[in-house]
1. Of 76/105; 523/611; 69/609, which ones are farther than 25 Å apart at the Cα?
2. Could you give the nm distance between label points at residue 528 and residue 496, where each point is 7 Å from its Cα heading toward the beta carbon?
3. How charged is the neighbourhood of residue 606? Take every other residue with its Cβ under 12 Å from the Cβ of residue 606, and add Lys/Arg as +1 and Asp/Glu as -1.
4. Run through every distinct alpha carbon pair of the stretch 43-269 and return the Kirkwood hydrodynamic radius in angstroms, one decimal place.
5. What per residue convex hull volume, in Å³, comes out for the stretch 496-607 when only alpha-carbon positions are used?
6. Multiply the residue separation of residue 258 and residue 63 by 0.36 nm, subtract the distance between their alpha-carbon atoms, and state the gained length in nm to one decimal.
7. Could you work out the relative contact order of the chain, using alpha carbon pairs under 8 angstrom and six or more residues apart, expressed as a whole percent?
8. Compute the label zone of residue 50 within the stretch 244-283: residues whose backbone N is under 16 Å from the point 7 Å along Cα-to-Cβ.
Amino acid sequence: MHKKILSLFSFFFLMVLVMVVLYACANMAAPSGGVYDMDPPKVKRATPGFNSLKITPSKIEIEFDENIKIKSPTEKVIITPPQQALPVIRSVGKKAVVELKDELKPNTTYTIDFTDAIADNNEENPLENFVFSFSTGDQLDTLSISGKVLTAQDLEPVAGTYVGIHSNFDDTTFSRVPFERISKTDSRGKFTIRGMAPGKYKVFALNDQNRDYKYDNPQEAIAFLDSIVIPSTMPAVRQDTVFVDSTTIDTIRTVHYTRFLPDDLVLRSFQSDFQRQYLQKQERTEPHKLSIYFAAPTAMPDFTLLKPEVSGDDWYVKERSAGNDTLLLWITDSLIYQQDSITMKINYTRTDSLNKNYIDTDTISFNIRKSAREKREDKKVEKKENEEKQIRYLGVNSNIQSSFELFNPIRFEFEQPLMRFDSSFVRLEKEVDSLFEPVPFRMEPDTLNPRKLTIRPRWEPGGKYKLTVDSARLVSLYGLRNNKYEQSFTVKPLDQYGNLEVNISGLPTGKVAFVELLDKSDKPFRKSFVKGNKVRFQDLLPGEIYARMVIDENGDGVWTTGNYGDKRSPEMVYYYPGKWVIRAYSDHQEEWQIDAIPVIRQKPLEITKNKPEEKKRRDLNKDRNNQQQNQQSSPFGFGGNSGSGSGGIPGM
């Protein structure tokens, strides 16, 4: 009996020992320290005290309950009224220290808005919306206004731009006088201007490139409100929910607070269509081609050849971009392009130091001289080509693919301008009962580029086609001929496409509008005008699509930016707040009330490029805590970071 008890005791002792060993093995990694700290630093005291009156401090110290860091103080910490001399902002252990370098104004409320710059030193949990205020007079101004800044064209939140106020309503104040008080937008585009006195104000946003807090550079992005803002307050109530954990509610508290109004301002940021104009460069990469580049869209320049001297303009074929900022001159006169050097007089639009445009005249040269080494290389290439009897064909590109989209025309682009091109050079045929029959089409030359043209037939869905250009039918200005071009392809059938019709309500009366369909990268790929409060799109590929609408004030078919000098706001843009899923061989009917929700919440997060930083931070902390909880959930630490994949004794 005694032996049995001893054996049983030994067995239990051995089991306990094995369990202890296994637990030790499973926790060979450094201890986790428990769930990550997600609490921001807490304020203990400040010198001088918060909301102090009749003081002119040059140094402010704020003490917290733990060591802190101040991230990007020059970008995130906003002192208003704005400071011309940069303050010194730093962390020292548990203290945030601000040294003011500007002379303080009398009878003025000063506000230091740390936004989310202050964080604890370890987990970097930010202290959100932390503000320190004081007054050099006997009164502390406490009113505030808030809102959001969005990019006018695509409703993207604008992060890191200044928002300021003026009580002087003169039209030139914005461009001559620094802001009276400022704020800066966070990652969501939100702003709050604090410490305002009662009164009437105009509100502006400014991407201030030279930090003078005024709009003195037309290349700075701005926003302005047409209306006058009057700050005010009202009593308000909100419900605060206290959670025991992430899913269990402890209590719901009713909180009375003061609401500062207006708190829903929307500023639409835009960059003026002004761009500095000047001649950027000129080059001659081939003997017969002169390239001229301007820094911005411009009026068509006037030019004359000086060397060799030529009268008239029949010595070239012109190719240009839509805004004339790129100009290519294909020289047709061999006596000219055989010259090593060409000199031109050119009259073009240029912007002076006062941002005024004037007509400037320059003499520019185009040289094609080659070094002795380059000439030797050319001779080697020429000799090799002669030996191999290679034929140099004219380059021909098209957009034809074996499976062709039903809504696409055929587009050609040639390497060089052609001597002549007409419809007889091309054969477009459709297969009918194993035979090919000709198909009529319309041919459209490009109005800007003489090397491009478009062929528009009436496609039959699912039809099989062949396009042929016989060899040597196309001849360029410089004698190059085409090789035979033949391409067979099939136009996709109707059952691979869907159609979409959208009924739109809330449109401003009498306004022209168009809708652009967008892909997942917020890039437009189709456009259609609204007619009778409806917009239609046919032959859409299946998939998820998004949409935005432009109120086309000038009817030019494109979004138009604003101009502060003319007091012209940018054209209004709305986003459909969700997405549409297009199915093949289906007709889709959708409804869109464009003002059903505020503009600031319309753009879907999936296609918003500027994601809020705090959302990323919360997701990171949540992942950290989930990881810690998973490590601690299994007995003896199994499944954690044990240092051994098996969790057994060999991992000790």
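1. Distance filter (> 25 Å) returns 69/609.
2. My value for the distance between the label points is 2.0 nm.
3. +2
4. On the way: mean 1/r = 0.0530 Å⁻¹.
When all Cα pairs of the stretch 43-269 are included, the Kirkwood radius is 18.9 Å.
5. On the way: hull volume 12.1 nm³, N = 112.
With only Cα atoms used, the stretch 496-607 gives 108 Å³ per residue.
6. 67.5 nm is the gain from fully extending residue 258 to residue 63.
7. Working: 1390 pairs, mean separation 72.0, N = 652.
After rounding, I find 11 percent.
8. Of the residues in the stretch 244-283, 257-258 have backbone N under 16 Å from the label point off residue 50.
Read-outs: derived from the displayed coordinates by stated rules, not from any lab. In this text, all values refer to a predicted model and were calculated from it rather than measured experimentally. Cβ atoms come from the backbone with ideal geometry, glycine included; neighbour counts cover every protein chain shown.
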